[in-house]
Amino acid sequence: QVQLVESGGGWVQPGGSLRLSCLASEDIRGFVAMGWYRQAPGKQREWVATVHIGMGTAEYEDSVKGRFTASRDIASNTLTLQMNSLEPEDTAVYYCHGRKRLAVNHWGQGTQVTVSA
């Protein structure tokens with residue numbers, strides 16, 4: 001069973017930065033894509049960013065474009081999310097997601113990000 005373990009969450013003031021990491025228990029080249037989702041209190045889980053593992057290209061939800069950068073490191077089996085210019089609206093539990101062929105999905109346990117003054 002694949003494990004995805006997030007780290008790097010915490011509290012930061014508005015305008016600050018955090019870097020999330022997701023360590024996979026196996027070679028991430030086995031994934032078609034990996035990405036990040038988030039769920040704020042009382043809201044549904046929403047997509048944040050996706051990295052296509054083969055090409056390394058990334059896509060972003062509109063509200064995080066220009067502020068967040070997602071990337072993968074094949075050598076360390078790690079997905080990262082660099083979050084800059086954080087806003088209170090970014091407060092949520094952030095989940096790492098991996099998708100394999102035939103739409104097999106894997107999720108991490110989540111890491112809390114809190115943005116407040």
Pair list, Cβ under 6 Å, 6 or more apart: the range 85-96 residue hydrophobic (A, V, I, L, M, F, W, C), other residue modelled with pLDDT of 95 or more and not in a strand (DSSP E or B): L86/G16; A92/A40; V93/G110; C96/G108
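Residues are listed down the side, and each one gets a yes or a no for (1) modelled with pLDDT of 95 or more; (2) of a type in the set (D, E, K, R); (3) closer than 17 Å to G98 by Cβ:
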| site | (1), (2), (3) |
| --- | --- |
| Q3 | yes, no, yes |
| G15 | yes, no, no |
| A24 | yes, no, yes |
| A40 | yes, no, no |
| R45 | yes, yes, yes |
| T57 | yes, no, yes |
| D73 | yes, yes, yes |
Residue match in the range 84-99 (condition: of a type in the set (D, E) and farther than 18 Å from E6 by Cβ): yes
Answer from R29, R19 - the residue that is touching a residue at least 24 places away in the same chain (Cβ under 8 Å), open to solvent by 60 Å² or more (accessible area, probe 1.4 Å), more than 19 Å from S116 (Cα to Cα) and out of contact with any Cys (no Cβ under 7 Å at 6 or more places or on another chain): R29
Qualifying positions in the range 38-90 - closer than 19 Å to V113 by Cα, open to solvent by 30 Å² or more (accessible area, probe 1.4 Å) and part of a strand (DSSP E or B): Q39, E46, W47, Y60, T69, S71, Q82
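The values are calculated or read from the model by the stated rules, or taken from the named source; none is laboratory data. Note that this is a predicted model, so its numbers are computed, not measured. Virtual Cβ from ideal backbone geometry, glycine too; neighbours counted across all protein chains shown. Calculation scope for accessible area: heavy atoms of the full protein, side chains included, ligands and nucleic acids excluded. Shrake-Rupley method; radii C 1.70, N 1.55, O 1.52, S 1.80 Å.
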